[in-house]
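The values are calculated or read from the model by the stated rules, or taken from the named source; none is laboratory data. The model shown is predicted, which means the values in this text are computed figures rather than measured ones. FYI the Cβ positions are ideal-geometry reconstructions off the backbone, even for glycines, and counts take in every protein chain you see.
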Amino acid sequence: MKLTTAFVAGLLSASTVIAAPGTAMRRKRAEAAIAATTNVTAVVHGPENKQVSYSNNWAGGVVEGSGFKTVTGTFTIPKITVPSGGSSRTLYSASAWVGIDGYSCSSAILQTGVDFSIQNGVVTYDSWYEWYPDYAYDFTGISFSAGDSVTVTVTASSKTGGVATIKNNSKGTSVSHTFTGQTEGSLCQTDAEWIVEDFTQIQNGQESLVPLVNFGTVTFTGASATTNSGSKVGPASADVIDLISANGKTVLTDVTVGSSTVSVVYG
């Protein structure tokens, strides 16, 4: 969950222009990981066979446990479109990422992923890494196109250090960032996550969710988490989270989990 400004600002003045509509503007994330509601019932699909939780910003799967060291998954960069009835002038976005913590543990989150945005017919893809509560930062030296296969991985070397890696399998490029001695927040290593997010923006001093882009389907394959002891866990037993509208009346995604997959369908 990230807190960004709308198209032109970070936690900068509203008049400061920034080129990238996604992570170049992100400066901190929202405090609450899950905004659950109780007045909506969704159909449960797939092998999860459990009640779905609802969030205003997360959709995907979260496995709770202990000692998570590595979380990884591969997805295809989606061909995004303006939602039905939307305006081409509006900036629409979403983000796909993997992470450790942020669900039951809020002291720190180690995560990495790719934002996808569209405005005035222009599509952008931006990759980033973050150790919350520090800011998120853009990767450089890597690019994406719709249809590219991308693997995202985070590895915790300790509760205050780790590595975030993104590999574009289709283009044969890879970037990574190493975190060491993080002093602002320590990991609990209790949550492993595969998420599509509708992140938060700041516009004219007001916080709101960025208009959600139609991302079609984002499916994490080869999804797995490894613990410090070397055991490997898949998302079949994950807590399932669906996006819900701000008024709590409309479910915006359909999430299905399997032994090594987390699929998030828009609409």
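What the table below lists for this structure:
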quantity: Identity of the residue in segment 42-56, closer than 17 Å to residue 103 by Cβ and out of contact with any Ser or Thr (no Cβ under 7 Å at 6 or more places or on another chain), that ends up modelled with the lowest pLDDT; calculated: 48
quantity: Residue list for segment 177-186, restricted to those being surrounded by fewer than 16 Cβ atoms within 10 Å (Cβ to Cβ) and either at negative phi or basic (Lys, Arg) (or both); calculated: 178, 180, 183, 184, 186
quantity: Residue within segment 217-227 that is over 21 Å from residue 92 (Cβ atoms), in contact with a helix residue (DSSP H, G or I) (Cβ under 7 Å, 6 or more places away or on another chain) and either at pLDDT 95 or above or not β-branched (Val, Ile, Thr) (or both) present; calculated: yes
quantity: Residue list for segment 154-205, restricted to those being closer than 23 Å to residue 117 by Cβ and under 14 Å from the mean Cα position of the chain (by Cα); calculated: 154, 164, 166, 193, 194, 195, 196, 197, 198, 199, 200
quantity: Residues (small (Gly, Ala, Ser), in a loop (DSSP other than H, G, I, E, B) and either free of Cβ contacts under 8 Å to residues at least 24 places away in the same chain or within 13 Å of residue 76 (Cβ to Cβ) (or both)) located in segment 138-158; calculated: 145, 146, 147
quantity: Verdict on residue 161 being exposed (fewer than 15 other Cβ atoms within 10 Å of the Cβ) and either without any contact (Cβ under 8 Å) to a residue 40 or more places away in the chain or over 16 Å from residue 195 (Cα atoms) (or both); calculated: no
quantity: Boolean, residue 201 is assigned to a strand (DSSP E or B) and buried (at least 19 other Cβ atoms within 10 Å of the Cβ); calculated: yes
quantity: Tally, over segment 93-117, of residues that are crowded, with 24+ Cβ neighbours inside 10 Å and assigned to a strand (DSSP E or B); calculated: 16
quantity: Test result for residue 75, among the hydrophobic types (A, V, I, L, M, F, W, C) and within 26 Å of residue 184 (Cβ to Cβ); calculated: no
quantity: Criterion: within 25 Å of residue 227 (Cβ to Cβ) and either without any contact (Cβ under 8 Å) to a residue 12 or more places away in the chain or out of contact with any Lys or Arg (no Cβ under 9 Å at 6 or more places or on another chain) (or both) - qualifying residue of 106, 208, 186, 127; calculated: 106
quantity: Lone unmet requirement of (1) at positive phi; (2) of a type in the set (Gly, Ala, Ser); (3) in contact with a helix residue (DSSP H, G or I) (Cβ under 6 Å, 6 or more places away or on another chain) for residue 136; calculated: (1)
quantity: Out of 234, 230, 248, 205, sole residue that is modelled with pLDDT of 95 or more and on the phi > 0 side of the Ramachandran plot; calculated: 230
quantity: Any hit, segment 29-40, residues being modelled with pLDDT under 95, over 17 Å from residue 240 (Cα atoms), in contact with a Phe, Trp or Tyr (Cβ under 9 Å, 6 or more places away or on another chain) and assigned to a loop (DSSP other than H, G, I, E, B); calculated: yes
